Every structure is written in C-alpha cells, then in structure tokens.
1. Looking at (1) over 12 Å from the mean Cα position of the chain (by Cα); (2) in a strand (DSSP E or B), which is the one condition that is false for GLN158?
2. Go through (1) in contact (Cβ under 8 Å) with a residue 24 or more places away in the chain; (2) in contact with an Asp or Glu (Cβ under 6 Å, 6 or more places away or on another chain); (3) within 26 Å of PRO101 (Cβ to Cβ); (4) not acidic (Asp, Glu) and name the single condition ARG176 misses.
3. Can you work out which of the residues in the range 161-198 that are farther than 17 Å from LEU86 by Cβ and acidic (Asp, Glu) is nearest to the chain's Cα centre (by Cα)?
4. Mind checking which residues of the range 71-86 are assigned to a helix (DSSP H, G or I), crowded, with 21+ Cβ neighbours inside 10 Å and in contact with a Leu (Cβ under 9 Å, 6 or more places away or on another chain)?
5. Within the range 113-127, can one find any residue that is of a type in the set (A, V, I, L, M), out of contact with any His (no Cβ under 7 Å at 6 or more places or on another chain), free of Cβ contacts under 8 Å to residues at least 24 places away in the same chain and closer than 30 Å to ARG77 by Cα?
6. Regarding PRO128, is this residue part of a loop (DSSP other than H, G, I, E, B), more than 11 Å from the chain's Cα centre (by Cα) and modelled with pLDDT of 95 or more?
7. Restricting to the range 87-125, count the residues that are small (Gly, Ala, Ser), part of a helix (DSSP H, G or I) and closer than 21 Å to HIS8 by Cα.
8. Please work out if GLY50 is part of a loop (DSSP other than H, G, I, E, B), within 12 Å of the chain's Cα centre (by Cα), touching a residue at least 24 places away in the same chain (Cβ under 8 Å) and on the phi < 0 side of the Ramachandran plot.
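The values are calculated or read from the model by the stated rules, or taken from the named source; none is laboratory data. Computed from a predicted model, the values in this text were never measured in an experiment. Cβ placement follows ideal geometry from the backbone for every residue including glycine, while neighbour counts extend to all protein chains displayed.
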Amino acid sequence: MKILAVTHGPTVQPELFGDVAREQGHELVEWDITASGAPPLDADAVMVFGGSQNVGEELEHPWLREEYDALQRWLERGTPLLGVCLGAQTLAHASGARVAPRGRHCAGFVPTKLTAAGMDDPVLGVLPAEFDALNANHYGFEVPESGVELARATGLSQAFRVGDSAWGVQFHPEVRRDQALDWYRRDGALTPELESSVDAGISRWQTLGRRLAEAFLQVSSGKSS
C-alpha cells in the first residue's frame, strides 16, 4: 500500500508507526503540511500525526483549512484514516464535532478504558480493555455526531471512529521516549517524577502502539484490496 503520513513539524514524525509500515513493505510518503501545503489525496491509507498547533488557529496556521478539506475528501472516499492527537482533533473538527482546550495540560500516562464499541472495534479492540495511555495535549475533542466513542479517560473522550474507515485517538501510540520527554520539556511540564513514569511505562506502551499500528494497517489492506 501507499501510506501517506501527514505531519506538522520535525518533532512529530510517524516514529513507531513508520517503522511498522516499512517493516511490512508498504510505501510510506511523509508530508509536512506546515511546509508543503495541501497533501496529495491518492494514498491507499492516511495517518495524521500530532503537533503544537490547535484547531481554531487558522489565522496563524492557514494550512489547517487545507487539512480539514483533505480530511473531508478522504472521509467521502472511504480512505482508511488514523488521526493521532492533533490529527484526531482535526478529524473531529472536519466531521463537525467541537474541539476545545481541556483546561489543563495533560502529560504522561493516563488510565484509559475502552467502551463496549471500542472492545468490538477492529483497530482499538486490539488494546486491553483498560490501559495506561501516554498523553501530551492541551485540547480535546467531542465525538462527531456521525461517530462512535471507542475510549474514555478522566471523563473525556479519548478515541472515536467515523464510519468504518476513520479513527481518531487523543493519546500517542506512535511516540518514542526521548520524543515525549522533549515535548514535556518544551511545555514546561517535565519533572523527575514524570520522566521516571515515562521510563517505567514506555516499553509496554510501545508494544501496544505497534499492535495498534498493525491493526490499522491490516484493516487498511483489506479496504484497499
């Protein structure tokens, strides 16, 4: 498959998801929308990753409108799509849902539970019913009216599906240790306790991240065949 990885800057790359895609022999095309503008629409599957930007900052980041438009086109075409953090928020916005600040920065591992729909989902359902998910976000999303909630944490939605081809997750299943710590350092959130927590949980989290990437690619392969 030809997989398009939409990124929003140098510190938010495909990371583990890119590794899994290449290991499986897929063609991975990385597209920094902040530098290159509107992405090509002809991919077999699309992954949209995180970033420091936010929905509602279109004046500062005009390319956000191009991202919304591309997401709507992929949804219309039924292109398999996975949005992570900012990618999930832009997917929610493009699907008509509200995206807004959470009120506080969410950093580190957060106890997360799959919903009943999440446990039956072909992508999110490969995760345990309860797991600690690595977060790094200020904003959150509501589930689109046309979507179904797949996971929750601290009373907020953490994952959803729109139709049978598009998924959004608030947490970061693709992340590497040093990458996450750099995010927290830039946000002024890094403490010795947070670093120790990341060190203690990152290996298990990366195992789950790989499992999620493999599930998404398997579903995508079936839809593109």
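1. (1)
2. Exception for ARG176: condition (3).
3. Only one residue fits best here, namely ASP164.
4. The answer is LEU71, TRP74.
5. Yes: one or more hits.
6. Criteria met by PRO128.
7. 4
8. Considered against the rule, which asks whether it is part of a loop (DSSP other than H, G, I, E, B), within 12 Å of the chain's Cα centre (by Cα), touching a residue at least 24 places away in the same chain (Cβ under 8 Å) and on the phi < 0 side of the Ramachandran plot, GLY50 comes out as yes.
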